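These notes are about the structure you will find just below.
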Amino acid sequence: MIVDAGPLLALFNPADRHHQACVSFLRGNEVSLVTTWPVLTEVMHLLRYSVDAQLRLLSWIDRGGLAIAELEQGSIGAVAGLIDRYRDRPMDLADASVVQLAVQTGCREVLSIDSDFDIYRLPDGAWLANPLRDNTH
């Protein structure tokens with residue numbers, strides 16, 4: 001399952017209002033998580049207030065808690081197209097990389113607390129399933 005920045009931030013910030021929902025979801029679901037470098041960069045930036053939280057995240061990744069996928073060579077045009085298509089949101093690089101990873105892998109489930117993922121569509125018009133959204137409203 002592809003994971004966006006929000007759940008990762010919530011997992012490593014106990015004060016986040018989505019922390020418990022994210023922890024409960026992961027404890028109750030045997031899923032392999034994958035994300036992109038832009039998402040990880042965003043999370044590390046948002047956790048900049050706590051080097052300890054950043055190090056816990058990196059240690060969790062190192063222990064296999066999360067895989068980091070590379071976008072295919074040549075996908076920048078597709079990412080730019082997504083950012084252009086959703087310019088009214090606006091869509092950032094991390095979100096565009098998540099949608100592009102869904103296209104690249106065929107994975108149609110994205111773990112996110114971001115309501116923008118209720119709007120984004122794949123090139124074939126399909127919606128991304130977001131099993132966490134029902135637990136975070």
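Is at least one residue of region 58-74 touching a Pro at 6+ places or on another chain (Cβ under 8 Å), over 18 Å from ALA129 (Cα atoms), of a type outside the set (Val, Ile, Thr) and surrounded by 17 or more Cβ atoms within 10 Å (Cβ to Cβ)?
No: zero hits.
Could you give every pair whose Cβ atoms fall below 6 Å, whose first residue belongs to region 4-32 and is touching a residue at least 40 places away in the same chain (Cβ under 8 Å), and whose second residue is of a type in the set (Val, Ile, Thr) and in a helix (DSSP H, G or I), counting only separations of at least 6 or pairs across chains?
Between residues of region 4-32 that are touching a residue at least 40 places away in the same chain (Cβ under 8 Å) and residues that are of a type in the set (Val, Ile, Thr) and in a helix (DSSP H, G or I), the close pairs are ASP4/VAL98; ALA5/VAL39; ALA5/VAL43; LEU8/VAL43; HIS18/THR136; ALA21/THR136.
Collect the residues in region 96-130 that are within 21 Å of PHE25 (Cα to Cα) and either of a type in the set (Asp, Glu) or part of a helix (DSSP H, G or I) (or both), keeping them in residue-number order.
VAL98, ALA102, GLU109, ASP114, SER115, ASP116, PHE117, ASP118
Does MET44 satisfy the criteria of being buried (at least 16 other Cβ atoms within 10 Å of the Cβ), within 15 Å of VAL3 (Cα to Cα) and either of a type in the set (Lys, Arg) or within 15 Å of the chain's Cα centre (by Cα) (or both)?
Spelling it out, MET44 is indeed buried (at least 16 other Cβ atoms within 10 Å of the Cβ), within 15 Å of VAL3 (Cα to Cα) and either of a type in the set (Lys, Arg) or within 15 Å of the chain's Cα centre (by Cα) (or both).
Has region 63-71 got at least one residue that is at pLDDT 95 or above, acidic (Asp, Glu), under 25 Å from CYS22 (Cα atoms) and in a helix (DSSP H, G or I)?
Within region 63-71, not a single residue is at pLDDT 95 or above, acidic (Asp, Glu), under 25 Å from CYS22 (Cα atoms) and in a helix (DSSP H, G or I).
Looking at (1) hydroxyl-bearing (Ser, Thr, Tyr); (2) farther than 23 Å from GLY125 by Cβ; (3) in a helix (DSSP H, G or I); (4) under 12 Å from the mean Cα position of the chain (by Cα), find the lone condition where SER59 falls short.
All conditions are met except number (4).
Condition (residue is touching a Pro at 6+ places or on another chain (Cβ under 8 Å) and either within 20 Å of ASN130 (Cβ to Cβ) or among the β-branched types (Val, Ile, Thr) (or both)) applied to region 33-42: is it met by at least one residue?
No; the residues of region 33-42 include none that is touching a Pro at 6+ places or on another chain (Cβ under 8 Å) and either within 20 Å of ASN130 (Cβ to Cβ) or among the β-branched types (Val, Ile, Thr) (or both).
Quick one: how many residues across region 35-53 are in a helix (DSSP H, G or I) and either within 18 Å of ALA94 (Cα to Cα) or in contact with an Asp or Glu (Cβ under 8 Å, 6 or more places away or on another chain) (or both)?
Adding up the residues that qualify gives 10.
Check off (1) in a helix (DSSP H, G or I); (2) within 15 Å of the chain's Cα centre (by Cα); (3) not basic (Lys, Arg) for SER32 and give me the number that stays unchecked.
All conditions are met except number (1).
Quick check, is ARG27 loosely packed, with under 12 Cβ neighbours inside 10 Å, over 18 Å from VAL110 (Cβ atoms) and either at pLDDT below 95 or not acidic (Asp, Glu) (or both)?
yes
Mind telling me which of the residues GLY74, GLY81 ends up being in a loop (DSSP other than H, G, I, E, B) and not basic (Lys, Arg)?
Residue meeting the stated conditions: GLY74.
The values are calculated or read from the model by the stated rules, or taken from the named source; none is laboratory data. Computed from a prediction, not measured in an experiment: that's the story for all the values here. For neighbour counting, all protein chains shown are included, and Cβ atoms are generated from backbone atoms with ideal geometry for every residue, glycine included.
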